[in-house]
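For reference, the structure discussed in these notes is given below.
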Amino acid sequence: EEFAAALAWLRYLERGKSFLVDLLQGQLRSSLICKQCGHCSWRFDPFLYLSLPVDKKMTRVVSAMEKYLEEEHLTGDERWYCEKCNNH
């Protein structure tokens, strides 16, 4: 997984290397896990900014990051199609 992340980032840098990338950008790992068979699919995407969820109770940026990173369960039309077991 670390190798795949590094490879994705290097490929991105081949096209968009600059001092702004070094200063401000990062890489986000997204993963999907099939509830039927347990197959895991992941990808790595560069980002310049993150839209963090904020509410009135939050007093720290870390709280918004933790909320952003919470596990999400996809339902209805958002369900992912698993290439291993061919189910949604």
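Could you say whether any residue in region 66-80 is basic (Lys, Arg), open to solvent by less than 100 Å² (accessible area, probe 1.4 Å) and either more than 23 Å from residue 5 (Cβ to Cβ) or at pLDDT 90 or above (or both)? Yes, the conditions are met somewhere in region 66-80.
Taken as a whole, the condition of being open to solvent by less than 60 Å² (accessible area, probe 1.4 Å) and of a type in the set (Phe, Trp, Tyr) does not apply to residue 42.
Determine whether residue 34 is open to solvent by less than 100 Å² (accessible area, probe 1.4 Å) and in contact with a Ser or Thr (Cβ under 7 Å, 6 or more places away or on another chain). Considered against the rule, which asks whether it is open to solvent by less than 100 Å² (accessible area, probe 1.4 Å) and in contact with a Ser or Thr (Cβ under 7 Å, 6 or more places away or on another chain), residue 34 comes out as no.
Of all residues in region 1-27, those satisfying the criterion of being out of contact with any Lys or Arg (no Cβ under 7 Å at 6 or more places or on another chain) and either open to solvent by less than 50 Å² (accessible area, probe 1.4 Å) or among the small types (Gly, Ala, Ser) (or both) are 4, 6, 8, 12, 13, 16, 18, 21, 25, 26.
For region 70-88, which residues satisfy the criterion of being of a type outside the set (Gly, Ala, Ser) and not in a loop (DSSP other than H, G, I, E, B)? Across region 70-88, the qualifying residues are 77, 78.
The values are calculated or read from the model by the stated rules, or taken from the named source; none is laboratory data. None of the values given here were measured: they were computed from a predicted structure. All Cβ positions, even for glycine, are placed from backbone atoms using ideal geometry, and neighbour counts span all protein chains on display. Ligands, DNA and RNA are excluded from the accessible area calculation, which covers all protein heavy atoms including side chains. Shrake-Rupley method; radii C 1.70, N 1.55, O 1.52, S 1.80 Å.
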